[in-house]
Amino acid sequence: MNIRANILLRVYLAFGLIVLFALAVFLRLGQVQFIQGHKWKAMADSLSTRYMTVEATRGNIYSNDGSLLATSVPEYELHMDMFAGGIADDKIFNEKVDSLGMKLAAIFQDKSAKDYSRILRKGRQDSARYLLIHRKVGYSDLKTIRTFPLYNVGKFSGGLIAVQQNKRILPFKALAARTIGYKNANVKNGVGLEGAYTEYINGEGGKRLMQRIAGGVYVPVNDEEEVAPKDGADIISTIDINMQDLTQNALEKQLIAMRADHGTAILMEVATGEVRAVANFSKIEEGVYKEKFNYAIAGNQDPGSTFKLASYMALLEDKLVDTNTLIGTGYYQIPGKLITDSHPKIETVTVKKAFEESSNAAIAKLINTHYGDDPIKFTDHLYDWHLNEKMGLQIPGEAMPVVKNPKTNKSWGKMTLPQMAYGYEMQLTPLKMLSFYNAVANNGKYVAPIFVKEIRRLGNPIEQFKAKVINEQICSDVTLSKIKKMLEGVVTEGSGKQIVYNPLYKIAGKTGTAQVADANKGYKANKQYQASFVGYFPADKPKYSLIVVINDPKGAYYGATVSGPVFREIADRIYASDMQMYNDVPTRLVGNTIIPPTKSGQSKATQKVYKAFGFKPLFASKSEYYNTIDTSAGTIFQENNERKGVMPNVSGMGLKDALYLLGNAGLKTRVTGSGKVIRQSVQAGVKVGKGLQVDIQLD
């Protein structure tokens with residue numbers, strides 16, 4: 001083979017290989033484009049675009065009276081695409097960028113116009129597609145900003161990107177803040193109502209198509225959600241905003257005055273178990289208190305003397321004592337401890353008096369004497385009343401009560417039973433104690449407190465709540481009657497008389513003073529006390545129950561002195577503002593109480609006036625006009641029918657009604673005087689013709 005043929009062969013071979021390679025490439029391209037096109041297109045889209053969740057607007061929380069306690073407002077983070085379609089032309093951008101800088105500086109007032117202009121130009125130079133302009137922008141400001149130069153070209157063509165975020169606000173600030181609670185990423189189950197009902201409040205998130213741009217930032221493809229979010233449901237709480245304000249102010253004022261460490265106050269409606277107010281304050285610094293911890297539902301401590309209600313109830317229910325049973329006070333010796341009254345005075349008094357004066361020695365002796373050989377009989381009462389169980393509150397964080405039992409508690413000793421009698425050797429929350437007293441006020445019906453009464457979506461109820469009944473009848477009616485009188489006696493004759501008693505209405509309750517044990521050193525450490533007062537009002541027709549607990553007050557520490565004033569202030573102001581509480585107060589009428597005289601006239605008008613004043617006149621006929629006669633049975637209205645050609649009776653009428661009737665009869669009227677008609681020149685019932693003149697005199 002010559003050289004020329006050899007070269008041509010190689011050329012043809014190389015060309016053939018190139019053609020085959022090109023053909024393979026085209027075949028592969030065709031396969032990718034037409035056969036696998038959907039697969040690769042979807043993969044490309046998944047890398048550059050994705051659906052992201054759009055946060056739903058959280059539902060509102062309302063008070064019992066309709067006030068807004070918590071709500072969500074839209075808040076926006078503003079970004080800018082520096083090469084959006086409407087501003088891609090450098091000439092348009094450069095002409096208006098300084099004007100935009102001036103507008104932004106004027107509305108935000110955090111940078112100068114030059115600074116904003118420089119930031120925008122730098123972003124343009126860096127080809128920024130998601131330049132941060134400002135955070136936390138309100139909706140009204142956003143509407144204004146959309147009218148600014150460049151941005152007014154269009155929602156996206158002008159480059160403005162507004163990313164909505166929902167901000168939670170409390171219109172009443174710190175009022176009931178701990179009860180309302182909060183939910184954030186750092187708290188797993190949330191706090192308060194926000195945490196307990198987050199499933200309802202959160203709503204359902206929507207979806208929006210987002211596209212990834214340079215720098216790995218995702219921006220919305222369009223301004224509309226692909227799937228709109230479903231806003232959260234609204235929570236209707238039992239809190240009354242005015243009562244809450246009153247309760248917080250009264251408690252905080254006393255905490256400051258007593259320089260106490262912390263305190264709580266809870267107001268509850270007796271019949272429904274609805275919590276109207278709950279305040280919790282912790283000392284931050286001298287004279288400054290904030291809501292940091294919910295002592296009402298999580299503050300487990302020895303209740304002290306307020307627990308004596310349960311001890312006396314057990315004794316009365318078992319018929320071991322009566323209210324007139326005599327018992328010694330002052331001191332009572334048990335193995336290892338001398339139980340002493342707060343104001344030791346050795347005397348013999350009735351059980352009722354011992355309760356009213358809150359004698360520790362008396363109740364310890366009574367319980368130890370009657371239940372010492374069989375303590376389980378006493379603790380069975382406490383367990384039957386479910387004092388050892390949680391109440392299943394609607395708000396998370398309820399502490400587990402600790403009520404000892406000789407069968408299950410290894411720490412049970414000879415001092416346990418007598419000390420339990422006056423509220424030691426156990427752990428109960430303030431709300432637990434209040435609920436027990438509320439059961440007494442509620443004629444023995446023990447209900448669990450509730451904080452939420454209804455859940456609504458778009459104004460329509462989707463779920464309603466009523467208090468759970470823990471115990472239908474905690475004791476017999478006989479025992480209940482005696483206990484009520486003892487509680488009233490505390491205020492009228494006993495430890496609460498000087499502070500809590502009000503002559504205008506009855507209060508029933510119990511003082512409580514307990515020494516607080518140190519976690520490490522027990523009761524021998526620096527002595528700290530818990531002062532409390534719990535009860536209900538008005539005692540004869542209970543409507544509200546209330547507990548006030550103040551921890552570590554400085555100076556005075558007795559329940560009546562420290563917590564009593566707070567109880568009294570809250571109760572007094574609620575009583576004064578609630579007309580239903582004193583509807584039974586005798587009415588004293590001032591001035592003329594006789595049914596006022598009325599002129600004869602149109603029936604409907606007079607009836608309307610009498611009805612407005614609450615009078616019940618007796619109607620003898622259905623005539624349009626009538627004469628009136630006052631009787632002891634009411635006001636009887638006589639018939640005065642209008643008959644054609646007959647003189648009507650206008651005596652007693654006002655001028656307007658008299659002229660109406662005489663004009664309809666075709667008569668000409670001459671009037672003298674003013675007031676009501678006392679004389680007419682033509683006698684009523686006489687036949688008359690049209691055009692006849694009639695004189696009427698008014699006086």
Conditions first: (1) touching a Gly at 6+ places or on another chain (Cβ under 8 Å); (2) on the phi > 0 side of the Ramachandran plot. Residue 495 passes all but one, so which condition is the exception?
(2)
Pick from segment 115-140 the residues that are surrounded by fewer than 15 Cβ atoms within 10 Å (Cβ to Cβ) and either polar (S, T, N, Q) or not in a strand (DSSP E or B) (or both): which of them is farthest from the chain's Cα centre (by Cα)?
125
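Conditions tested, residue by residue: (1) touching a residue at least 40 places away in the same chain (Cβ under 8 Å); (2) over 19 Å from residue 76 (Cα atoms); (3) in contact with a Leu (Cβ under 6 Å, 6 or more places away or on another chain); (4) assigned by TED's automatic domain parsing to the domain that holds residue 77.
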position	(1), (2), (3), (4)
102	no, yes, no, yes
105	no, no, no, yes
111	no, no, no, yes
122	no, yes, no, yes
129	yes, no, no, yes
135	yes, no, no, yes
138	yes, no, no, yes
141	no, no, no, yes
146	no, no, no, yes
From 358, 311, grab the single residue that is at pLDDT below 95, assigned by TED's automatic domain parsing to the domain that holds residue 417 and within 20 Å of residue 482 (Cβ to Cβ).
358
Residues in segment 344-351: is at least one in a loop (DSSP other than H, G, I, E, B), within 18 Å of residue 302 (Cα to Cα) and at pLDDT below 95?
no
Hey, does segment 331-340 have a residue that's surrounded by fewer than 18 Cβ atoms within 10 Å (Cβ to Cβ), within 24 Å of residue 488 (Cα to Cα), in the same structural domain as residue 365 (by TED's automatic domain parsing) and of a type outside the set (Lys, Arg)?
no
Taking the condition modelled with pLDDT under 90, exposed (fewer than 12 other Cβ atoms within 10 Å of the Cβ) and out of contact with any Pro (no Cβ under 8 Å at 6 or more places or on another chain), does residue 42 pass?
yes
Only one of 283, 345, 308 is surrounded by fewer than 18 Cβ atoms within 10 Å (Cβ to Cβ) and on the phi < 0 side of the Ramachandran plot, namely 345
The condition of being assigned to a helix (DSSP H, G or I) and either within 20 Å of residue 173 (Cα to Cα) or not hydroxyl-bearing (Ser, Thr, Tyr) (or both) holds, among 314, 260, only for 314
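Give 53, 49 a once-over and let me know the one that is modelled with pLDDT under 85, among the hydroxyl-bearing types (Ser, Thr, Tyr) and exposed (fewer than 14 other Cβ atoms within 10 Å of the Cβ).
53
The values are calculated or read from the model by the stated rules, or taken from the named source; none is laboratory data. Treat the numbers as computed from the prediction; the structure is a model and nothing was measured. Virtual Cβ from ideal backbone geometry, glycine too; neighbours counted across all protein chains shown.
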